[in-house]
Structures are given as structure tokens and as C-alpha cells.
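The values are calculated or read from the model by the stated rules, or taken from the named source; none is laboratory data. This one's a predicted model, so the numbers in the text were calculated from it and none came from an experiment. Cβ coordinates were reconstructed from backbone atoms using ideal geometry, including for glycine residues, and neighbour counts include every protein chain displayed. Protein only, heavy atoms only, side chains kept; ligands, DNA and RNA dropped before computing areas. Shrake-Rupley method; radii C 1.70, N 1.55, O 1.52, S 1.80 Å.
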Amino acid sequence: MQLATGHEHWSSRLAFLMATVGSAVGLGNIWRFPYSAGMNGGGAYVLIYIAAVLLVATPILITELMLGRRGQMSPPSSMGKLATEIKASRKWKGLGYAGLFTALCILSFYSVIGGWALAYIPALGSGVLAGAPADKITGVFTDLVSNPWTLLFWHSLFILVTVLISLRGIRGGIEKAVNILMPMLFLMLVIMVAYAAAAGNFAAAVDFLFTPDFSKITGAVVLDALGQAFFSIGAGMAILMAYGSYLNRNVHIPRASLVVAGADTLVALLAGFAIFPIVFANGLAPNSGPGLVFQTLPLAFAQMPGGIVFGTLFFILLSSAAITSSISLLEPIVQWVDETFPIPRKIAAIISGFLTWALGLMTILSFNLLADFHPLGMFDRFASKTFFDLIDAFTNNLMLPFGALLMSIFAGWLMNKTITSEELGLATNQLWFRSWRFLIRYVAPFVLSIIFLTNIF
Ligand code: TRP
């Protein structure tokens, strides 16, 4: 059904849900969440993470989809339209532009890591690592990241797949891809958890993820958990407004958002249960950082019975999850380019893909030729950060929470509640509506401001 705005809409509620769960579930859940939990001490971080999802990220997700559906256009145009509707400043368009810019930044490094996942499919699948000594296995990672040309190849392949799906449009591209990849992903995840339970130390993993040690909580841990919540749900910077703009009026946004947030959190925990039992059973360290999945985990796979088969499956899982997310990061950019210039969507997708690809080169070089280049080296706290470290921290810890703060002000304080309640399909006196509005008006701005202030000073 094409509405008056002329762009495509999701063919059904289920299609929208699959695409949005696909967007949420990605490297954030399977790569980032486990290593971040590992580095931040486990249980206490997980609790804060879950609280951040429930109290801040989910209400923002609801808000973002709502703004997108009401706007029916790309994030900047939608924000402009909504601002006009409520007689607020047209400067709110800036939030949409910031969203496009943030999506571009995230996708530029997302695709490099997605490329690592792709590279590991043949690395493990070829079987040469079976029973190999530890230095040979960790050497795969070092060889991969130290060679800019290899990284360039996998990064380019990842962007190419993303663009090839995206240029076919919402129904012909995104829906078709998620219809295949999402069921496959859940199946693979269940198989991986079963394997980890059978071959690993499950009890140690449960203990690590669920026994909180509150002495481990610091400001930095809270900030990481909050940034992780936004990144994992994919909310905070008007990026998902694009998916919301393709939404039909009959979909109940709050209910759909709870499904998305619930599925996303479940997958993050399941990923933890697929990874940590294997890590602990093999006496490996949970706090090895971004290399956890790529360096630590393969050490275990190489030694375990069936490890090569399940290891290969794991990286197919990781790659598919990454692709269903990368198409959602590219979408607002494609939508905006398509809307702004008189060119077909195909060309818009190619241009957007090219821009992200080019920016990704900086991330590639951060692991090798520019590994000692610290762009903000003059500031103490950034002294050792590479370009990749900075763009990751800039998007997660700064842009996503900042966008969330602006959206909560826009929807909670500037939009009138007759409009929001109508758009959300909730009556103004209903508990659900009042809770959402309370979280958006008070809790989110309060939490986000505190986080900013403590982080800046
Ligand atoms: N949520 C995805 C993940 O966990 C990444 C992602 C997709 C994202 N779309 C987003 C992050 C929009 C921020 C904003 O891997």
C-alpha cells in the first residue's frame, strides 16, 4: 500500500517486526555485549544494562518510531514537519541531520567489524585451525587486522552486500533479507547455546552474568551500560525514525517496541550463554575486550569436539546478525538522499554505501598503519585512543545519549499530549501512556543529563 507520501510501507506488522528486531539484534548483542560485560565485571553491569533498556532506551525507541511514523519522511524532513506542526523551531531538523551523520559514523566501523565476522567463516570453516596451537589461532586475528588490504577486502564485501539488499527497496530488499536471515539467526543461536551448555561450563557463565558485585560499579561502567543499551536497541539518534516512517497506522507502536526491546535483550543474554560457558570451560579470560569473540573464542573452538563446525556456525550467525543491522543503519541515509536528489533509489543506495565505505578506511587504518595515531592525543583521557576507539566512543557514549535527550525533550515537553497519545494509540489517562510520558519527561532527561555532566567533568 502506498500512502500519500509516495514511499513504500512495510507489507505487514510481522515484516516490520522482523526488520526492526533484525536492526536491533547485531554485533551489539553478540560481539559487543559479551566483551563489554566481560570488561565491566559481569553481573552488576548486566543489571544496570537491563535497567537502562527498560527505563531509558525502550521509551526512546517508542518515541523514535512514533516521530518517524508521524513524519512519514526521512529524519531531517520528518523533524522539520513535526516542528512546524507544533510551531517549534525548524532548527529541530538538525536532530535529523545529526542522526544521518551518526548512522554514517556507526556504519563505517560496523562494517569493518562485520567484515571480521565474514573473514572468520572461511578461516574456521577450512578446518586448518582444528587442534592448532594457541599462537597460530590468535595469529589469525593479528594477521587479519594488521593487513589493511585484507581488512579492505572484507569491509568492501560487507558494504557491498548491505548496498545490494538496500537498493532493492523496503519490500523487495530489506523484507526479503530479514525473512530469510531472522529465522536462521534464531535457530543458529539456539543451537549455539545448546552446544555451549553441553560442552562448556554453563554454571560459571550464569554466575558471571547474574551475580552482581556492586563494588564494580563506577561512573564509567554506568555510562558504558547506557551507551550499550542505546546501541543495542538501535535507538537514540533518530536513525530508526526511517523504519518508523514506513509503518502503517494500524501498528501499535508501544507493543511493537516492547517486542523489539525484549527480543534484543534476550538475544544479548543468549549470546552471553553461548560464549561464556566455552570461555570458562577452557580457562580463558572474560575481560579480553573487543577480541573476545575473535581471539579468545576461536582458541576454545579449535580444541573442542565439534568446535570447528560450531565455530563456523557461530561466525555465520554473527555475520547474518550484522547484515540485518547494517541495512537499517544505511536506510535513513538512502532515504534522505533519495528524497533530496532527483535520482532513483538504486543510485541513492550506491552513493550512501560509498560514503560509509570511504569513512570506514579510517577504522581499517586504526588497526595497522595508524595504530599509533591518536587524533585527540593532546587530551589525557584520549591519549591512547585510535580513530576507531574515538568514533566508537563518540557515537555510543555521546551522540546516541545526546540524541535521546533531545528527542525526549521534543516528544515529552514540546509535543502536546493529544498528539502523542493519538499517535501511540493510548488514551492519555491510561497507565501505559502515563508511564511512557513520565519516563520521557523526567527520567530520561534526568538520567541523561547526569551522565553527560559526570562524563564531561
Ligand atoms: N542495534 C545494532 C546492534 O546491536 C546496531 C544498530 C542498528 C544501531 N541500527 C542502529 C545502533 C541504529 C544505533 C542506531 O548491533
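Distance between the pseudo-spin-label points of Leu376 and Leu398 (7 Å out from Cα toward the beta carbon): 0.4 nm. Remark: the Cα gyration tensor places region 120-163 in the oblate category, a/c being 1.5 or greater and a/b not exceeding b/c. Can you bin region 13-456 into rounded, prolate or oblate? Criterion: square roots of the alpha carbon gyration tensor eigenvalues sorted a ≥ b ≥ c, rounded for a/c under 1.5, prolate for a/b above b/c, oblate for the rest. Prolate, since a/c reaches 1.5 and a/b exceeds b/c. Rounded to the nearest 10 degrees, the angle from helix 134-146 to the longest Cα principal axis of the chain is 40 degrees.
So if we plug the beta-carbon distance of Met184 and Thr428 into 1/(1 + (r/R0)^6) with R0 = 51 Å, what FRET efficiency do we get, rounded to 0.05? Calculated transfer efficiency: 0.75. Fully extending the segment from Val128 to Thr150, taken as 0.36 nm per residue of separation minus the present Cα-Cα distance, adds 6.1 nm. One quarter of the convex hull surface built on the alpha carbon atoms of region 377-449 amounts to 6.2 nm², the projected area averaged over directions.
Computed from backbone phi, the HN-Hα couplings of region 202-213 come to 5, 4, 5, 5, 4, 4, 5, 7, 10, 9, x, 10 Hz, rounded to whole numbers (Karplus: 6.51 cos²θ - 1.76 cosθ + 1.60, θ = phi - 60°; Gly and Pro given as x). Taking every lysine pair in the chain that is 8 or more places apart or spans two chains, those with Cα atoms closer than 24 Å amount to 8.
Residue order by solvent-accessible surface for Glu8, Glu85 is Glu85, Glu8, largest first, with ligands and nucleic acids left out and a 1.4 Å probe. Element breakdown for the chain at a 1.4 angstrom probe: carbon and sulfur atoms account for 70% of the accessible area. Counting every pair of alpha carbons in region 306-457, the share spaced more than 23 Å apart comes to 64 percent. Using θ = phi - 60° and the Karplus relation 6.51 cos²θ - 1.76 cosθ + 1.60, list the HN-Hα couplings for region 103-120 in order, rounded to whole Hz, with x at every Gly or Pro. Per residue, the Karplus-derived 3J(HN,Hα) values read 4, 4, 4, 4, 4, 4, 8, 4, 5, 5, 5, x, x, 4, 4, 4, 4, 6 Hz. Overall, the chain carries a charge dipole of about 1280 debye about its Cα centre when +1 sits on the Cβ of Lys and Arg and -1 on the Cβ of Asp and Glu, all other atoms neutral. With R₀ fixed at 25 Å, the C-beta to C-beta distance from Thr84 to Asn250 puts the FRET efficiency at about 0.45.
Placing R0 at 45 angstrom, the Cβ-Cβ distance between Leu164 and Ile50 gives a FRET efficiency of 0.80 after rounding to 0.05. Excluding ligands, DNA and RNA, the accessible surface per residue across the chain is 38 Å² with a 1.4 Å probe.
Mean separation of Cα pairs under 8 Å and 6 or more residues apart, divided by the residue count, gives region 51-172 a relative contact order of 18 percent. Seen against the Cα atoms of the chain and their longest principal axis, helix 219-233 is set at about 70 degrees. Counting only alpha carbon atoms, the long axis of helix 13-24 and the longest principal axis of the chain meet at about 50°. The orientation-averaged projected area of the convex hull spanned by the Cα atoms of region 43-127 comes to 8.7 nm².
Legend: residues Phe402, Phe33, sorted from most to least accessible area (1.4 Å probe; ligands, DNA and RNA excluded), read Phe402, Phe33.
Mean residue ellipticity, 222 nm, helices only, the chain: the sum of -39500 (n - 2.57) across DSSP H runs of n ≥ 4, divided by residue count and rounded to 500, is -22000 deg cm²/dmol.
Relative contact order of the chain, taken over Cα pairs closer than 8 Å and 6 or more residues apart, is 32 percent. Classify region 349-400 as rounded, prolate or oblate, taking a ≥ b ≥ c as the square roots of the eigenvalues of its Cα gyration tensor: rounded when a/c is under 1.5, otherwise prolate if a/b is larger than b/c and oblate if not. Since a/c reaches 1.5 but b/c is at least a/b, the shape of region 349-400 is classed as oblate. Ser449 contributes about 50 Å² of solvent-accessible surface, heavy atoms of the protein only, 1.4 Å probe.
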